[in-house]
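S.K.: Take this structure, written in structure tokens, and hold onto it; I'll ask about it next.
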Amino acid sequence: MNIRINFSFDQRQGFWPVRGILERMAEKVNETQGAAFAFFPISLVVAEILNNSIQHGMTFKSAGQLRVRHLSCQNCIEITLIDTGCAYHPPKMPSGTDPLNPSESGYGWMILFQLCTRIQYRHKSGRNLLRLCLPINAP
């Protein structure tokens, strides 16, 4: 599986682009992996990073690319989000995992840290690059 979805965001659209991106991704995963593939963890991670990117990083009009691919050698799904928004704040990833006391970034990052085995982020040349590794056996 090697999926690439290009997208653009205009603040007048609100969060609707996320739903459209998830629907396109679901179609492509179904085409390549079949309906029995565990799509829920992938969609949860993708929805969280897209919503976070749009809410906190995107400028009035921004563009980006979502990549989802199966790394069989590592038994994981690699999810990459590249966008032209502002750098994420805080620049270091939060480490809180207590559901009763989330970090200042909230529950979103906590969910990502619990589901993903690797999270990498960098901002370079006006672009954000967020790469996550989701184990195939994620709940």
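The values are calculated or read from the model by the stated rules, or taken from the named source; none is laboratory data. Because the structure is predicted, anything quoted here is derived from the model rather than measured. Glycine also receives a Cβ, built like all others from the backbone with ideal geometry; neighbour counts cover every protein chain displayed.
S.K.: Search region 104-139 for residues being part of a loop (DSSP other than H, G, I, E, B) and surrounded by 17 or more Cβ atoms within 10 Å (Cβ to Cβ), and hand back the single one that is modelled with the highest pLDDT.
M.R.: By that ranking, first place goes to Cys116.
S.K.: Can I ask one more? So, in region 36-56, of the ones that are surrounded by fewer than 20 Cβ atoms within 10 Å (Cβ to Cβ) and farther than 12 Å from Leu112 by Cβ, which residue ends up modelled with the lowest pLDDT? Lay out the reasoning, then the answer.
M.R.: Applying the first criterion (surrounded by fewer than 20 Cβ atoms within 10 Å (Cβ to Cβ)) to region 36-56 yields 36-41, 43-44, 47-48, 51-52, 55-56.
Next, from what is left, pick out any that are farther than 12 Å from Leu112 by Cβ: 36-40, 43, 55-56.
Numbers: Ala36: 57, Phe37: 63, Ala38: 66, Phe39: 74, Phe40: 79, Ser43: 86, Gln55: 71, His56: 66.
Ranking the candidates gives Ala36 first.
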